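**Q** Would you mind keeping the following structure in view while I ask a few things?
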Amino acid sequence: MEARFDLFSNELATRFAKRFANAGMVVHQSPLPKATQELVSLRASQINGCGWCIDMHTKEAAADGESQVRLHLVAAWRESTVFTEAERAALALAEEGSRLADAHQGVSDETWAEVRRHYDDDQIAALVCLVALINAANRLAVIVHQRGGSYQPGMVAAALG
């Protein structure tokens, strides 16, 4: 399957991507731990079947020092012992916030209580915004068939200048 459309070579899409990336920078520069940001982005991307974003977030996390064991276990985080309670709360929020059509209640009260227990208001704001952004990014990439496999760490940042 070839990409249907190159979002990085279209002027309008590039202008949008730069603004989207600026919104992402707010989250990236927030007090939410970088490892948590990548794990959440990876899990949402797995749920949404976005090969491009799975490739990107796996490689960015590895470049930032994340272990291969943790990256391999994100898809089965509930059945693993390598994530902190705070990361588990963030991963639950990512799942419930990504599966809105599958779970009509959205994010459960139990998950929200766990998030509140582990994160302060700025971290929660970043986490909620991150879940929204990664879901939007997944949809952009899936719609145009942007495929994973060729991403190199820092590639998107370099493309958007």
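The values are calculated or read from the model by the stated rules, or taken from the named source; none is laboratory data. In this text, all values refer to a predicted model and were calculated from it rather than measured experimentally. Cβ placement follows ideal geometry from the backbone for every residue including glycine, while neighbour counts extend to all protein chains displayed. These area figures cover heavy atoms from the full protein model, side chains too; ligands, DNA and RNA do not enter into them. Shrake-Rupley method; radii C 1.70, N 1.55, O 1.52, S 1.80 Å.
**Q** What FRET efficiency, computed as 1/(1 + (r/R0)^6) with R0 = 45 Å and r the Cβ-Cβ distance, is obtained for Asn22 and Ala113, rounded to the nearest 0.05?
**A** Once the sixth-power term is evaluated, E becomes 0.90.
**Q** Please say if the stretch 53-133 is rounded, prolate or oblate, where rounded means a/c under 1.5 for a ≥ b ≥ c the square roots of the C-alpha gyration tensor eigenvalues, and otherwise the choice is prolate for a/b larger than b/c and oblate otherwise?
**A** Because a/c hits 1.5 or more and a/b exceeds b/c, the stretch 53-133 counts as prolate.
**Q** Ok, one more. Can you give the angle from 0 to 90° between the axis of helix 11-28 and the longest principal axis of the chain, with both taken from C-alpha atoms, to the nearest 10?
**A** 30
**Q** Could you tell me how many degrees, from 0 to 90 and to the nearest 10, lie between the Cα long axis of helix 109-118 and the main elongation axis, the longest principal axis, of the Cα atoms of the chain?
**A** Result, in degrees: 90.
**Q** In whole percent, how big is the carbon plus sulfur part of the accessible area of the chain, probe 1.4 Å, protein atoms only?
**A** Carbon with sulfur: 57 percent of the solvent-accessible area.
**Q** Averaged per residue, what accessible surface does the chain expose to a 1.4 Å probe, in Å²?
**A** 55
**Q** With unit charges on the beta carbons (Lys and Arg positive, Asp and Glu negative) and the dipole taken about the Cα centre of the chain, which residue among Gly154, Phe83, Val69 sits farthest to the positive side?
**A** Gly154
**Q** Here's a follow-up. Using only Cα atoms, tell me the angle between helix 121-143 and the longest principal axis of the chain; keep it within 0 to 90° and round to the nearest 10.
**A** That helix lies at roughly 40 degrees to the long axis.
**Q** Quick check for me: using +1 on Lys/Arg Cβ and -1 on Asp/Glu Cβ, what's the dipole size of the stretch 18-144 about its Cα centre, in debye to the nearest 20?
**A** Taking the Cα centre of the stretch 18-144 as origin, the dipole is about 420 debye.
**Q** What figure, in Å² to the nearest 10, do you get for the accessible area of Asp6 with a 1.4 Å probe and non-protein molecules left out?
**A** 80
**Q** Report, in deg cm²/dmol and to the nearest 500, the calculated mean residue ellipticity at 222 nm for the chain, where each DSSP H run with n ≥ 4 adds -39500 (n - 2.57) and the sum is divided by the residue count.
**A** Result for the chain, helices only: -20500 deg cm²/dmol.
**Q** Give the shape of the stretch 1-60 as rounded, prolate or oblate, defined through the alpha-carbon gyration tensor: a ≥ b ≥ c are the square roots of its eigenvalues, a/c under 1.5 means rounded, and otherwise the shape is prolate if a/b is larger than b/c and oblate if not.
**A** oblate
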